[in-house]
1. Only one of P61, P94, P66 is of a type outside the set (F, W, Y), surrounded by 21 or more Cβ atoms within 10 Å (Cβ to Cβ) and modelled with pLDDT of 95 or more; which?
2. Name the residue that is nearest to E5 (Cα to Cα), counting only residues in region 140-160 that are at pLDDT 95 or above and among the aliphatic types (A, V, I, L, M).
3. Does region 6-23 hold any residues that are within 11 Å of the ligand (Cβ to nearest atom) and either under 12 Å from the mean Cα position of the chain (by Cα) or surrounded by fewer than 18 Cβ atoms within 10 Å (Cβ to Cβ) (or both), and which are they?
4. Identify, please: which residue in region 97-131 is modelled with pLDDT of 95 or more, farther than 19 Å from A65 by Cα and of a type in the set (D, E, K, R) and is, among those, surrounded by the most Cβ atoms within 10 Å (Cβ to Cβ)?
5. Which ones in region 5-28 are closer than 21 Å to F149 by Cα, part of a loop (DSSP other than H, G, I, E, B) and of a type outside the set (D, E, K, R)?
6. Looking only at region 35-50, decide whether some residue is away from the ligand (no atom under 12 Å from the Cβ) and assigned to a helix (DSSP H, G or I).
7. Which members of region 94-107 meet the condition of being within 21 Å of F149 (Cβ to Cβ) and assigned to a helix (DSSP H, G or I)?
8. Whether any residue in region 108-122 is of a type in the set (S, T, N, Q) and assigned to a loop (DSSP other than H, G, I, E, B) is what I want to check.
Amino acid sequence: MGAWEIGNGMFAWLTATFRPGTTLLELGSGAGSVRLGSYFRAVSVEHDSKWLEDGAKRGCPVVYAPIEDGWYAKQVVVALMRAIRPAVLLVDGPPSSIGRRGVMCLAEGLGSFGVEAVVFDDTEREHEAKLVDDFVSAVAGRFTTVRRFADEGKSFTAVQLWT
Ligand SMILES: C[S@@+](CC[C@H](N)C(=O)[O-])C[C@H]1O[C@@H](n2cnc3c(N)ncnc32)[C@H](O)[C@@H]1O
């Protein structure tokens, strides 16, 4: 398992929590996208042409979103979420050099996309843990369960949204 990929612990939690074929939108593609695609109807968003091509070579559905104002072009992500209505949103990009804080723009209207869980990778990093706290505070009108898991030297945090 490469350091850039989702860990075994996250994959185990996801597959124990959601049925095969559940729609998952992954922000940030990589080698782990193949594994996600073996269980989920997974679609990835990617800003970097290198990893866009890599994903395409691996047979993963990857949608290009350029970085605009410090995050993926919001209109691309929102249009994709409206089109595929992911039950799971996995926040594993963009890389730290760009930052993931732009995902905050999705928090308030999350209910309209049908999202049941938002999973943040790398939350052993203080700024990613703070992002989770801020995201949960901004999710409007939904009861949330937030659980952080250790995962082979790193951590991920699952935010489940209940109706
Ligand atoms: C943490 S990675 C995403 C990894 C992906 N979710 C996975 O499980 O394989 C975040 C970003 O880093 C880049 N990236 C992906 N794999 C990489 C690698 N092995 N080495 C360097 N950068 C990588 C891509 O631009 C990706 O969007």
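The values are calculated or read from the model by the stated rules, or taken from the named source; none is laboratory data. Computed from a predicted structure; not experimentally measured. Every residue, glycine among them, receives a Cβ derived from its backbone with ideal geometry; neighbour counts consider all protein chains shown.
1. None of the other options fit; the residue is P94.
2. Looking at residues that are at pLDDT 95 or above and among the aliphatic types (A, V, I, L, M), I get A150.
3. Result: I6, M10.
4. Within region 97-131, the match that is surrounded by the most Cβ atoms within 10 Å (Cβ to Cβ) is D121.
5. The answer is I6, G7, F18, G28.
6. No, there is no match, as no residue in region 35-50 is away from the ligand (no atom under 12 Å from the Cβ) and assigned to a helix (DSSP H, G or I).
7. Correct list: V103 only.
8. No.
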